[in-house]
1. Only one of these conditions is not met by VAL79: (1) touching a Phe, Trp or Tyr at 6+ places or on another chain (Cβ under 7 Å); (2) open to solvent by less than 30 Å² (accessible area, probe 1.4 Å); (3) closer than 21 Å to GLN1 by Cα; (4) not charged (D, E, K, R). Which number is it?
2. So in segment 36-62, with the set limited to residues that are closer than 18 Å to SER111 by Cβ, in a loop (DSSP other than H, G, I, E, B) and in contact with a Phe, Trp or Tyr (Cβ under 8 Å, 6 or more places away or on another chain), which one is most open to solvent (accessible area, probe 1.4 Å)?
3. State which residue pairs qualify: first residue closer than 10 Å to MET83 by Cα and inside segment 51-73, second residue part of a loop (DSSP other than H, G, I, E, B) in any location, beta carbons under 6 Å apart, and separation of 6 or more residues or different chains.
4. Tally the residues that are at pLDDT 95 or above and of a type outside the set (A, V, I, L, M), restricting the search to segment 80-105.
5. Looking at GLU6, GLU44, can you tell me which residue is among the acidic types (Asp, Glu) and either touching a residue at least 60 places away in the same chain (Cβ under 8 Å) or over 24 Å from SER122 (Cβ atoms) (or both)?
6. Would you mention how many residues in segment 91-106 are touching a strand residue (DSSP E or B) at 6+ places or on another chain (Cβ under 6 Å), within 24 Å of LYS31 (Cβ to Cβ) and open to solvent by 30 Å² or more (accessible area, probe 1.4 Å)?
7. Within segment 9-31, can one find any residue that is in contact with a Ser or Thr (Cβ under 6 Å, 6 or more places away or on another chain), modelled with pLDDT under 95 and not small (Gly, Ala, Ser)?
8. Among the numbered criteria (1) aliphatic (A, V, I, L, M); (2) modelled with pLDDT of 95 or more; (3) surrounded by fewer than 17 Cβ atoms within 10 Å (Cβ to Cβ); (4) closer than 12 Å to GLY33 by Cβ, which single criterion is violated by ILE70?
Amino acid sequence: QVQLVETGGGLVQAGGSLRLSCAGSGRTFSKYGMGWFRQAPGKEREFVAAITWILSSTYYAKSVKGRFTISRDNAKNTVYLQMNSLKPEDTAVYYCATKGGGFSYNASLYSYWGQGTQVTVSS
């Protein structure tokens, strides 16, 4: 059983930065991919970024590409999401999740989810 805890959310002005962390426990992470998703009020949950563990390949939603960076530290069983040049439309609850096998942007294919962390960007 995998448990994930997201931290690092908060309130930031437009143009600012935040770094989210997702710490895992319960199993080794080295074989599995990780993804970040977000959900704003009244909107569908959307894919943000993902990273594969074997090749460290990264994938980004078009809306965040060039502004957000996903990374991982296998020794710490932790995945990060560095968010720069934040915009009000980035306001959402951000979730991390685990996935076996190859990359997917489909949230339904991710097995374990954290509780989420709120990111609010003021204009």
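The values are calculated or read from the model by the stated rules, or taken from the named source; none is laboratory data. As the structure is a prediction and not an experimental result, all values here were calculated from the model. Here the Cβ positions follow ideal geometry from the backbone for every residue, glycine too, while neighbour counts run over all protein chains shown. The accessibility values were calculated without ligands, DNA or RNA, using every heavy atom of the protein model including side chains. Shrake-Rupley method; radii C 1.70, N 1.55, O 1.52, S 1.80 Å.
1. (1)
2. Looking at the filtered set, the residue picked out is ARG45.
3. ARG67/ASN84; ARG67/SER85
4. Residues meeting the conditions: 12.
5. GLU6
6. Residues in segment 91-106 being touching a strand residue (DSSP E or B) at 6+ places or on another chain (Cβ under 6 Å), within 24 Å of LYS31 (Cβ to Cβ) and open to solvent by 30 Å² or more (accessible area, probe 1.4 Å): 3 in total.
7. The answer is no, given that none of the residues of segment 9-31 is in contact with a Ser or Thr (Cβ under 6 Å, 6 or more places away or on another chain), modelled with pLDDT under 95 and not small (Gly, Ala, Ser).
8. (3)
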